[in-house]
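Below is one structure, written out as structure tokens, with a few remarks after it.
The values are calculated or read from the model by the stated rules, or taken from the named source; none is laboratory data. Keep in mind the model is a prediction, meaning the values are calculated, not measured. Backbone-built Cβ (ideal geometry, glycine too); neighbour counts: all protein chains shown. Quick note on the areas: whole protein, heavy atoms, side chains included, nothing else; ligands and nucleic acids left out. Shrake-Rupley method; radii C 1.70, N 1.55, O 1.52, S 1.80 Å.
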Amino acid sequence: TSPLPPCYLRPGGMEFGNWSLTEDSSEAYRATYVFLVSAILLPVILFARRGCMTVALVLLLASIVHQVSRLHVDTSYWGHIAAGVGLCRASHYILHGDGGALVIRVQHASLGLIATLAMFSYVYFRLPLHTFYNKVHATIWALASLLFASMAAHPITARACNGALPRVAAARQLHDPAVLAALGTLLYTHLHDMQPIGMLFHQVFGVQLGAISVMMLASSAVHAALPRESPLCTLVRGLHAFWWLFAGVWAVHMAAFMYVFKGKRGVHHLWLGEDTDAMHAHEVGGWYLAVDAWLSAAVLVLPLLCCPAKSAELSSVAVADDDGDPLLERKSSVVHM
């Protein structure tokens with residue numbers, strides 16, 4: 001007899017491989033709850049002013065604790081969804097920036113630094129470091145902490161010692177690409193998820209972070225040689241922003257398709273089942289990648305077609321306003337060394 005398809009109906013629920021989605025388990029309701037919390041609170045944290053951001057952050061942390069402790073949601077979901085949404089938000093700053101170091105709100109940089117240091121401390125003090133699996137995880141969180149520390153140092157320097165900011169910006173043009181390249185290397189080689197489709201997701205993510213590293217160096221070099229308004233600088237900023245957005249969309253996709261259900265399962269398993277061998281995973285992953293690439297480009301291009309070009313820019317040598325946003329100034333962050 002032919003085997004049952006990956007997804008089929010049976011009395012009392014729906015079966016997916018060796019796990020089931022039934023009314024008793026409430027797995028569908030759990031996933032819907034997680035998606036709604038992500039869709040509502042994460043944009044508020046990234047786009048709202050300080051008061052609303054604080055309220056949303058408290059609600060999100062309480063929800064995450066509830067989801068992980070009571071609903072057994074895989075913690076990998078929140079790690080990937082937070083990284084993905086942050087990368088998507090960063091693409092906006094890159095597109096409208098001055099081509100130099102990435103400048104974000106001081107509260108976002110501080111929040112990222114606290115979160116990554118907490119994860120590093122948990123891995124270092126609570127998990128056995130004699131395994132390379134945990135060694136790599138600790139290194140990933142340490143590198144992420146360094147990246148957020150670099151971003152946090154920027155607005156802090158602007159407020160405390162603005163005269164030193166050009167030197168900080170110049171140092172970041174070398175430091176941040178190196179950290180991103182190291183993160184990309186670890187994500188490409190790390191055996192985080194041994195499912196073939198899970199390996200492909202992480203390897204692609206590693207390549208994307210490496211591409212961001214290269215584009216960051218290229219953008220700094222081009223903007224050092226040409227005015228920001230030149231066609232080449234505009235193109236380079238667009239390509240640089242695309243890779244941030246592409247990596248963010250891919251990370252959000254990975255969270256939803258691989259980790260929204262318990263046991264490292266997600267929409268991918270709901271749709272195609274668990275028995276995705278290496279060859280099939282390569283084909284399916286390529287299709288996912290093609291769709292995400294077009295979607296990222298479309299999201300990036302639409303505002304450029306519908307909205308007039310901004311005459312001002314986010315400057316990486318600008319001071320911060322009262323709410324922690326970089327002021328819009330016509331300055332260059334590129335320092336000739």
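At a glance:
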| quantity | calculated |
| --- | --- |
| Accessible surface of the stretch 146-200, 1.4 Å probe, proportion on carbon and sulfur as whole % | 75 |
| Whole-number accessible area per residue in Å² for the stretch 58-118, which is evaluated in the context of all protein chains at 1.4 Å | 38 |
| Where labels lie 7 Å past Cα in the beta-carbon direction, separation of Cys52 and Leu295 in nm | 2.5 |
| All Cα pairs of the stretch 58-129, percent lying beyond 20 Å | 45 |
| Added length on full extension, which subtracts the Cα-Cα distance from 0.36 nm per residue, Lys135 to Ala225 | 28.3 nm |
| Burial order of peptide ranges 240-250, 260-270 (average beta-carbon count within 10 Å, highest first) | 240-250, 260-270 |
| 19 Å tail of the calculated P(r), the stretch 117-186, as % of Cα pairs | 45 |
| Size-normalised alpha-carbon gyration radius of the stretch 207-261, reference 2.2 N^0.38 Å | 1.43 |
| The stretch 81-198: Cα Rg divided by the 2.2 N^0.38 Å rule of thumb | 1.17 |
| Simple label model, 7 Å out from Cα along Cβ direction - Thr32 to Leu61, nm | 3.0 |
| Å² of accessible area per residue within the stretch 121-271, as computed with a 1.4 Å probe and no ligands counted | 42 |
| Values of log10 I(q)/I(0), in the order q = 0.20, 0.31, 0.33, 0.35 Å⁻¹, for the stretch 93-133 under a Debye, Cα-only, solvent-free model | -0.70, -1.00, -1.03, -1.07 |
